[in-house]
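Shown next, in structure tokens, is the structure this report addresses.
The values are calculated or read from the model by the stated rules, or taken from the named source; none is laboratory data. None of the values given here were measured: they were computed from a predicted structure. All Cβ positions, glycine included, derive from the backbone under ideal geometry; neighbour counts span all protein chains shown.
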Amino acid sequence: MLTAILSAYVLAPFTGMFYRKHPRIWGYLTVMLAAAIFLYLATFAPRVLEGGEVRFSYAWVPQLDIHVTFFLDGLSLFFGLLVSGFGALILWYATAYMEEAHYANRFFTYMLLFMASMLGLVLADHLILLYLFWELTSISSFLLIGYANREAEARRSALQALLVTNVGGLALLAAFLLIGQQWDTFSVEALLQTTEAAGGKHTLAIVLLLLLAAFTKSAQFPFHFWLPNAMAAPTPVSAYLHSATMVKAGIFLLFRLQPVFGDHVVWTWGLLLAGSITMVFGAVMALVQTDLKRMLAYLTISALGMMVGMTGLGTEEALQAALVYLLVHAFYKGALFMVAGGIDHQTGTRDMRLLHGLKQAMPLTMAGCVLACGSMAGLPPFFGFVGKEMVYESALHGQGFSWLLLGSTFLSSVCYVSLGLVIGYRLFFGTLTRQTPKPPTESHGPLWGAPLLLGAGGLLLGVWTEAPAYLLERGTQLISGTEAGLELSLWHGLTPALGLSLLTVLAGWGLYRGRDKSRKWLAFATGDYTLAPEQLYVTGLRRLRQVALWQTRLLQNGYLRNYLLVIFSFLVLAVLAQIIHFRLWPQALRFQLPVTVDYLYEWIPVFFMVLGLITIFGARSRLTILIATSMVGFGVAALFVFFSAPDVSMTQFLVETITLVIFMLILHRLPSHIRLESKTKFVRHLLVAILFGATMTLILLNLHGYELASPLKEYYLSHSEEEGKGLNVVNVILIDFRALDTLGEITVLGVTAIGIMTLVFLNQKK
Amino acid sequence: MTAHILLVPLLTPLLAAMACLFAWKKKQWQQYIYLSGSMITLAGAAALAWQVLQEGIVSIQAGGWEPPFGITLVADAFSVLLVVVTHVLGVLIYFYTLPPVSVSQERKSFGFYPSLLLMLFGITGALLTGDIFNLYVWFEVMLVSSFVLISLGNERLQLEGAVKYVTINFIASALFLAGIAILYGMAGSTNMADLAVRLRADGVSDIVYVAMLFFLVSFSIKAALFPLFFWLPASYPTPPIGIAAIIAGLLTKIGIYALIRTLILVFPDNAFVQQLLLGMAILTMLTGIFGAIAQYDMRKILAFLIVSHMGYMVMGLAIATPLALAGTIFYMVHSILVKTNLFFISGLVFADQQSFHIRKAGGLYERLPWMAALFLISAFSLVGIPPLSGFWGKYMLASTGLATEQYLLVGVALLTSMLTLWAVSRIWLPVFWQHKGAEKQVTLTQGAFVRKNRGMVVSSAALTLLILWLGFQADPIVEISIQAAEQLFDRQAYIDAVLKP
């Protein structure tokens, strides 16, 4: 199993590298790979569809309890077959469609990545693995949508799809992590077998996050807008993305977890509402489109809404209807997109206003298209009819608010009939178009073959309902968590659903006939507000960037003194908070050594230090400030003399002198005066400086209460002569006890020397 | 005796740097010395790592003085992991800086190699020392040598950035020193293991928590955390790209290392500091990523991305469970490799397009597809798309974050990863996908471009392979990270290894 999925990933880069040399060979190689995977999965069908399960497990990161585990049951097998089967068909179609494209190699690479990721997604047992493939489908679709990378539209759409689905992806990750915590397992299989009710403390959060993930991926209102824009991708991508992959991933997720969360009120209501709204919205929006692909994209949104809504209804019947309709939709939508691609390829346009009467020119394309439209409109004896009957049945039998679903399925089905006529009839009958960029001619091979195959398949499944029933039964049982059998047939007897179907066709036909009149009262659907969700996304990003710019200008303003102000304020506030919290007030200024001022001259350095400080605050000239600062430094050095630390004092004097000299050297390169723009800024700086000084003083006074009882002192004193071979303890510390520090400091001096050398001698002019 | 292997990765860079100084202005000689030196160092680091992972903490006493009187050098899983990663980059940077577009020939003959070696010396020292004052010394070595590297060449912009860099970092060092002084005043020791014992003893004044804040602020400046990160976006984009890459990859992580080492080992727990870290993690992630979104220069975008992702590393420290800390450690390794590689790639973009500006460079997706692939891998890895390397750290952090009910923190972390995706798309879309028309006439063919910049291409490709390995074969590094985190929390084992060798 791993080999099957990995093989596509492995083949992908090689296709990218070598496709151009032998486009035919590599193109067909990808088709064959997809077909081989399909056949491989099909070999499991007898076992799995009888209720068996197959597991594949490989260790990956055992420390984190993450394993590569796949499992095949009725549901994942069905999806696996769908992904690989449609993959083979669409890749075959693409070998013809992409023939003249310049970067076809990249296209095939990304398609393989896409297919493999989707396969992984549906077959994964470990939730984190599922998330992994989920993200990879987003990435590969990003690359596919941005295929026409020179066009701004394609780039924008690709980013949009990526960001929207990434939000969902992160929601999914969070949901899975919470599931892992609540149920203590990451295995889908284990999760499905759990008897524990979904009543844990995280359940609500998990449900909300899962809905967000599914809705963004499956283009539910109000996250739908990326899908119509995603048609910037080459048509085979759209066909694949809409029929068998990407958008079906969200539905798959809902199906997979329905047994676990199906009873949760937020889950059912969320699905019901989002599904209903999306269904009607998509269908109405499709009516007013003039671009064939965009029309189909809105139809997909609508159909996805139907599946979501059915899942929300949650009855056995409704869940069966949802899965059946998914297959119905895959067939007709795959076919229609490929038809649209064929027409676009042959005529150079997808504008419905320019295209009509293509019957003579493209008869084989027409055949596929008409068959697909029949299924879409839900006419007998197509598979679409079976699907729609089931949808109506379950909506009629539903409890509570199922009338909402009934109403919206009816409305959208009417639209489907009308659009079926628009696409399946008007495109091909009537007078031949003369306005297309290229005169229409029949396409060749796969361009009509693939859609015809799918269209015919839609008819075949409708007539031979045993086949889909056999394929789907186990899947529907897994979704509903029951053992109910699945019976599919064209004829149910004279039921209310049949009447409703009849009514739908009539109303759809009426809508089609009155399409010029209806355009007027459908004008609301073309209003700008229909784009509101997308506007929200666009403005949202723009606002975010404005905030980002404002924030960055505020923080990263380029002034060193502001940076220092923030740093010191932060430190002072944090330290003061701790001091207050622990009540670290100095205990009555208890000095260990009685500080007696024996001689008046000891006050002299203190006097100079205070003088220096006052000067600093008042001064504007850099020179004055420098001298005043040195005055403080020398004052400190002098104090050390009085407090019997002559060596420290010497060092301090030297450092002060050197600092003074160096600063004098560079002073002439700087502006001579410091300007602070305003009084408030000056006060602010002063305040922080004083606070910092006060804080440090507080700390020092606190520390003073401590008597340093360091074992180091005694050790150094007693060992330096005998073992360190030196009488001056400080020297022995420097060159022996702590020689490594000295080595480091010498290095610092050495590097400084290099630095000075380069500063003086190496000038890269710019 | 085998403990002396610890000295190989520490002292080899110093010896090599000294040898380079003897070959002053002889570029060829310096290059031989650098390459052989960095390879020996890497081999030594690997040998040390092997020993530590097999046998536990290795420590030696400098000069043979018994602890805590001398200076102890200690290698545990955490430090050796970073030592190895550092020296892997040490070798790769040699190749990356070979083409003159990465670091000019004049710079290379002038002081580049010895300064770089001394910076590696400082980093290794900081990672291996067991003494708090000695750590300060290593930070000085790092700071001064990185300052020389950043200002090497004296371009006006370089100096402007370097001044901010050095001023703020010196203040950080001063605060660090003040913190050490407080600790020494209280406990009379600078040995970290010894301090760990003394500061947890009964009757220790609460002033220890004030000292903790000095360390926190100082290392947070080094690690570029909110609200102390200003020096980073100001200085990293200014030096030549080869220098920017290694500094950007390594130095901030040493700040985090020091933060983890001191807060976990030396200081007793403190709720206020944990809260502070939590807030800083959240705000670092957000302000950093907002900064990245606002920029147009690739290097500035990357600089802010560094800041933002430092937040993830603090996140683990703020949660402070072994798994969270393991997440931080893994994230550090990932971040060092990925950030460096993104800088590497931006240098390659510059080599081809003569610009770092996203509105000027363009069309590389069609022109140099392999470069696009390199960028995508590193960029998605940074975002944390599984199974690339960034995912594993994020996964560990997010899952422990949720387990400890840090919902806001996890929420912000996930939001940041989404915004990171946007930030890297802001490079990908204009620089790789978009075509800027004829104004950028590039004459080099693909082959000629690769020949001319071979070193850069090779090192970036090698780093990409490493990143892929880290993602797909995550378990060895995950295991080491977990081992390292558990070792960090097992203070007694560290103390025993140092004080009772």
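Beta carbons closer than 8 Å, at least 6 apart along the sequence or on distinct chains, pair a first residue in segment B:192-205 that is away from chain A (no Cβ under 12 Å) and within 13 Å of B:Asp269 (Cα to Cα) with a second that is in a helix (DSSP H, G or I) and among the aromatic types (Phe, Trp, Tyr) for B:Ala196/B:Tyr494.
Among residues that are farther than 27 Å from A:Gly87 by Cα, β-branched (Val, Ile, Thr) and free of Cβ contacts under 8 Å to residues at least 40 places away in the same chain, A:Val260 is not included. Has segment B:22-44 got at least one residue that is among the polar types (S, T, N, Q), assigned to a loop (DSSP other than H, G, I, E, B), over 27 Å from B:Ala485 (Cβ atoms) and within 14 Å of chain A (Cβ to nearest Cβ)? Checked against the condition, which is being among the polar types (S, T, N, Q), assigned to a loop (DSSP other than H, G, I, E, B), over 27 Å from B:Ala485 (Cβ atoms) and within 14 Å of chain A (Cβ to nearest Cβ), segment B:22-44 yields no hits at all. Of the residues that make up segment A:429-450, is at least one over 35 Å from the mean Cα position of the chain (by Cα) and closer than 21 Å to A:Ser501 by Cα? Scanning segment A:429-450, I find no residue that is over 35 Å from the mean Cα position of the chain (by Cα) and closer than 21 Å to A:Ser501 by Cα, so the answer is no.
Within segment A:570-583, is there a residue that is surrounded by 13 or more Cβ atoms within 10 Å (Cβ to Cβ), more than 8 Å from chain B (Cβ to nearest Cβ) and either under 20 Å from B:Trp231 (Cα atoms) or touching a residue at least 12 places away in the same chain (Cβ under 8 Å) (or both)? Checked segment A:570-583: at least one residue is surrounded by 13 or more Cβ atoms within 10 Å (Cβ to Cβ), more than 8 Å from chain B (Cβ to nearest Cβ) and either under 20 Å from B:Trp231 (Cα atoms) or touching a residue at least 12 places away in the same chain (Cβ under 8 Å) (or both). Yes or no: B:Gly125 in contact (Cβ under 8 Å) with a residue 40 or more places away in the chain, buried (at least 24 other Cβ atoms within 10 Å of the Cβ) and not in a helix (DSSP H, G or I)? For B:Gly125, the condition - in contact (Cβ under 8 Å) with a residue 40 or more places away in the chain, buried (at least 24 other Cβ atoms within 10 Å of the Cβ) and not in a helix (DSSP H, G or I) - is not met. If you check A:Glu135, A:Glu189, A:Glu153 for being within 13 Å of chain B (Cβ to nearest Cβ), part of a helix (DSSP H, G or I) and surrounded by fewer than 20 Cβ atoms within 10 Å (Cβ to Cβ), only one passes: A:Glu153. The condition of being buried (at least 19 other Cβ atoms within 10 Å of the Cβ) and within 12 Å of another protein chain (Cβ to nearest Cβ) holds for B:Val412. Mind listing whichever residues of segment A:165-185 are in a helix (DSSP H, G or I), polar (S, T, N, Q) and over 8 Å from the mean Cα position of the chain (by Cα)? Across segment A:165-185, the qualifying residues are A:Gln181, A:Gln182.
Give the residues of segment B:59-104 that are more than 14 Å from every other protein chain (Cβ to nearest Cβ) and among the β-branched types (Val, Ile, Thr), sorted by residue number. B:Val80, B:Val83, B:Val84, B:Val85, B:Thr86, B:Val88, B:Val91, B:Ile93, B:Thr97 - these are the residues of segment B:59-104 that are more than 14 Å from every other protein chain (Cβ to nearest Cβ) and among the β-branched types (Val, Ile, Thr). Being outside any helix (DSSP H, G or I) and not polar (S, T, N, Q) is the filter; apply it to segment B:128-159 and report the residue that is farthest from the other protein chains (Cβ to nearest Cβ). Within segment B:128-159, the match that is farthest from the other protein chains (Cβ to nearest Cβ) is B:Gly130.
Matching residues to (1) surrounded by 16 or more Cβ atoms within 10 Å (Cβ to Cβ); (2) over 29 Å from A:Tyr425 (Cα atoms); (3) at pLDDT below 90:
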position	(1), (2), (3)
A:Leu452	yes, no, no
A:Ala456	yes, no, no
A:Gly462	yes, no, yes
A:Gly485	no, yes, yes
A:Ser489	no, no, yes
A:Pro496	no, no, yes
A:Gly510	no, no, yes
A:Gly514	no, no, yes
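Within 11 Å of chain B (Cβ to nearest Cβ), within 38 Å of the chain's Cα centre (by Cα) and either of a type outside the set (Lys, Arg) or within 19 Å of A:Ser412 (Cα to Cα) (or both): does that describe A:Leu555? Answer is yes for this residue. Is there a residue in segment B:47-54 that is touching a residue at least 60 places away in the same chain (Cβ under 8 Å) and either more than 24 Å from B:Leu488 (Cβ to Cβ) or within 14 Å of another protein chain (Cβ to nearest Cβ) (or both)? Checked against the condition, which is being touching a residue at least 60 places away in the same chain (Cβ under 8 Å) and either more than 24 Å from B:Leu488 (Cβ to Cβ) or within 14 Å of another protein chain (Cβ to nearest Cβ) (or both), segment B:47-54 yields no hits at all. In the set B:Ile301, B:Ile385, only one residue is of a type outside the set (Ser, Thr, Tyr), outside any helix (DSSP H, G or I) and within 21 Å of A:Leu163 (Cβ to Cβ); that residue is B:Ile385. Taking the listed residues B:Phe214, B:Phe272, B:Phe267, the one that is surrounded by fewer than 23 Cβ atoms within 10 Å (Cβ to Cβ), of a type in the set (Phe, Trp, Tyr), farther than 19 Å from B:Asp76 by Cβ and in contact (Cβ under 8 Å) with a residue 24 or more places away in the chain is B:Phe272, with no other qualifying.
Can you tell me which residue among B:Ala462, B:Ala448, B:Ala497, B:Ala484 is surrounded by fewer than 16 Cβ atoms within 10 Å (Cβ to Cβ) and more than 10 Å from chain A (Cβ to nearest Cβ)? Of B:Ala462, B:Ala448, B:Ala497, B:Ala484, the one residue that is surrounded by fewer than 16 Cβ atoms within 10 Å (Cβ to Cβ) and more than 10 Å from chain A (Cβ to nearest Cβ) is B:Ala448. Of all the numbered requirements in (1) in a helix (DSSP H, G or I); (2) farther than 18 Å from A:Pro451 by Cβ, A:Asp263 misses one, and that requirement is (1).
In this structure, A:Ile479 qualifies as hydrophobic (A, V, I, L, M, F, W, C), surrounded by 15 or more Cβ atoms within 10 Å (Cβ to Cβ) and touching a Ser or Thr at 6+ places or on another chain (Cβ under 9 Å). So is B:Thr287 among the polar types (S, T, N, Q), more than 12 Å from chain A (Cβ to nearest Cβ), buried (at least 20 other Cβ atoms within 10 Å of the Cβ) and in a helix (DSSP H, G or I) or not? No: the conditions fail for B:Thr287. The combined condition, being among the small types (Gly, Ala, Ser) and buried (at least 24 other Cβ atoms within 10 Å of the Cβ), is fulfilled by B:Ala75.
Taken over segment A:1-49, residues that are assigned to a helix (DSSP H, G or I), touching a strand residue (DSSP E or B) at 6+ places or on another chain (Cβ under 8 Å) and not β-branched (Val, Ile, Thr) amount to 3.
Checking each residue of segment B:360-373 against the condition of being part of a helix (DSSP H, G or I) and away from chain A (no Cβ under 14 Å) gives at least one match.
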